[in-house]
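A short write-up of the structure that comes next.
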Amino acid sequence: MDGLIVGMDLCGAYTQVSCLGRDKVWSFPTQICKKKQENLWFIGAKAHELMLSGKGVMADKLLSQARRERSVVIDGEMLKGRELLQKFLKLVLEQVQRECNNSRIQQLVITLPSIDSLIMDRLLYCADYLGVSRGRFHVISHGESFLYYVLNQKKEIWSSYVGLFTLSQNGLRYDEMKVQKGIRQTTVISDYENLDEHFDLNLLETDSGIRKADRMLCTFAERLLAKKLFSAVLLTGIGFEKQEWASDFMAVICKRRKVYGESYLFAKGAAYRAMDYLHISSEFPYVMICEGRLKASVSMEVMHKEKLTPLVIAAPGDTWYEVRSTLEFILNNQKELVFHIQHLDSRRKNEVTIPLDEFPSRPNRTTRVQMRVAFLDERTMVVIVQDKGFGELFPASNVVIRKEISL
């Protein structure tokens, strides 16, 4: 390989890094420390040592600070949350590269517990700061990391349903994956449920807390795993680094099922996804439906070569934050734009219209419009339509219509 293929699990409390082909997985608290009176920044054990000695100033909650673009005063210096996150990511990657013979980063995929347009924007700024080109930098959800981790295991692991319990500082979460084989295509579907976002890991420090946590997990497992055939159940997160405390829960999930523990599942799944980005065509030519990907198609009917033709704007399995398009066309007796929305699991189509009443009245086929399409999240599409006129005869009014469409 020409460089490092890196998967990074970036969470509020911890950050884990996996490089494809390397046995070691790096783990750091998502914190950064500045040495007082010096422009030196540290992460990991050195950062903790400086803070305890009183020689450093620690900053944490880096993800939430960056997302909200809050400013923080560190040792008399005002820094934006985005800048702190940039410094942290740079130090993480520099340490990984040092331990891997200073190899360059060929592909980097960051996985997050959840994705929105704000954190995407911040991370893209980070990519520029890190010197990783946009074509080599991607962000995916934990749900997608889960899919890629499982699909890179033996097929017997994902021959039926696959369940994943995650117990971390973010709480208790359950993901479930299934593969649907059709005549034309295979669809891999993953969905998730936050079981208890306030699950406190401190419960595991007392006998009574352990018994309570074990009972909670049993209740969830009995509900979620009933009446389905599972080929595997996976456990990840700091709460499952040891499973002896959850004896009743383990008895429930191990009954007629294979159970596997993987502490670094999301980082490794991100590394597998990074490898797949390097291929001209995916090693897994399936329609992927998961957190961060669209569950519906969006299309319009347009006239092409005197024939009415469907124009697909977005398809099921597309990554919502990568779907961006700009189209131009001439109106032909149209006073509105009509979008057809069809969900993957339904034959029924919904229609959404955008009236163009604000545009100037002109003769037929003398109005050229520009339409830009993007997504705010996997359920919300934004359409911006602008009047571009028709040459010198009909100058552009530059009227702009913006509409958010719920899928």
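Quick notes
- Scanning the range 331-342 for residues that are at pLDDT 90 or above and surrounded by 13 or more Cβ atoms within 10 Å (Cβ to Cβ) turns up LEU337, PHE339, HIS340, ILE341, GLN342.
- In the range 360-372, the residues that are within 26 Å of ILE341 (Cα to Cα) and open to solvent by 20 Å² or more (accessible area, probe 1.4 Å): ARG368, GLN370, ARG372
- Scanning the range 76-88 for residues that are touching a strand residue (DSSP E or B) at 6+ places or on another chain (Cβ under 8 Å) and of a type outside the set (D, E, K, R) turns up MET78, LEU79, GLY81, LEU84, PHE88.
- Matching residues, the range 62-112, being over 21 Å from ARG136 (Cα atoms) and buried (at least 21 other Cβ atoms within 10 Å of the Cβ): LEU62, LEU63, GLN65, ALA66, GLY81, LEU84
- Screening the range 1-76 for strands (runs of 3 or more DSSP E) wholly inside it with 1 or more residues that are within 26 Å of HIS279 (Cβ to Cβ) returns the ranges 4-10, 14-19, 25-29.
- The listed residue being open to solvent by less than 30 Å² (accessible area, probe 1.4 Å) and either polar (S, T, N, Q) or not in a strand (DSSP E or B) (or both), out of ASP276, ASP248: ASP276
- Every residue from the range 109-167 that is part of a loop (DSSP other than H, G, I, E, B) and farther than 23 Å from LYS255 by Cα: PRO113, SER114, ILE115, ASP116, GLY131, VAL132, SER133, ASN152
- Cβ-Cβ distances below 6 Å connect the following pairs, each with a first residue in the range 251-264 that is in a loop (DSSP other than H, G, I, E, B), a second residue that is of a type outside the set (A, V, I, L, M), and a separation of six or more residues or different chains: ARG257/PHE230; GLU262/THR236; SER263/GLU241; TYR264/GLN16; TYR264/SER18.
- Exactly one residue out of LEU331, LEU327, LEU337, LEU344 is over 16 Å from the mean Cα position of the chain (by Cα) and in contact (Cβ under 8 Å) with a residue 60 or more places away in the chain: that is LEU344.
- Members of the range 312-323 found to be among the charged types (D, E, K, R) and either assigned to a loop (DSSP other than H, G, I, E, B) or open to solvent by less than 30 Å² (accessible area, probe 1.4 Å) (or both), listed by number: ASP318
- Conditions (1) within 20 Å of TYR14 (Cα to Cα); (2) among the small types (Gly, Ala, Ser); (3) buried (at least 17 other Cβ atoms within 10 Å of the Cβ): number failed by GLY261: (3)
- As a summary of the residue check, GLY44 satisfies the conditions (1) more than 20 Å from PHE137 (Cβ to Cβ); (2) open to solvent by 40 Å² or more (accessible area, probe 1.4 Å); (3) out of contact with any Lys or Arg (no Cβ under 9 Å at 6 or more places or on another chain); (4) not aromatic (Phe, Trp, Tyr) except for the one numbered (2).
- Figure legend. Inter-residue proximity from the range 349-369: first residues on the phi > 0 side of the Ramachandran plot, second residues aliphatic (A, V, I, L, M) and outside any loop (DSSP other than H, G, I, E, B), beta-carbon distance below 8 Å, spacing 6+ or different chains. Indicated pairs: ARG365/ILE330.
- In this structure, ARG82 does not qualify as of a type in the set (Lys, Arg) and either in a loop (DSSP other than H, G, I, E, B) or free of Cβ contacts under 8 Å to residues at least 12 places away in the same chain (or both).
- Of the residues ARG215, ARG211, ARG223, the single one that is open to solvent by 70 Å² or more (accessible area, probe 1.4 Å), assigned to a helix (DSSP H, G or I), touching a residue at least 24 places away in the same chain (Cβ under 8 Å) and not small (Gly, Ala, Ser) is ARG215.
- Test: residue in the range 292-299 that is surrounded by fewer than 21 Cβ atoms within 10 Å (Cβ to Cβ), under 30 Å from LEU337 (Cβ atoms) and of a type in the set (D, E, K, R): yes
The values are calculated or read from the model by the stated rules, or taken from the named source; none is laboratory data. These numbers were taken from a predicted model, which means no experiment stands behind them. Cβ sites come from the backbone with ideal geometry, for glycine too, and all protein chains shown count toward neighbours. The protein model used for the area step is the full one, side chains on, heavy atoms only, and it has no ligands, DNA or RNA in it. Shrake-Rupley method; radii C 1.70, N 1.55, O 1.52, S 1.80 Å.
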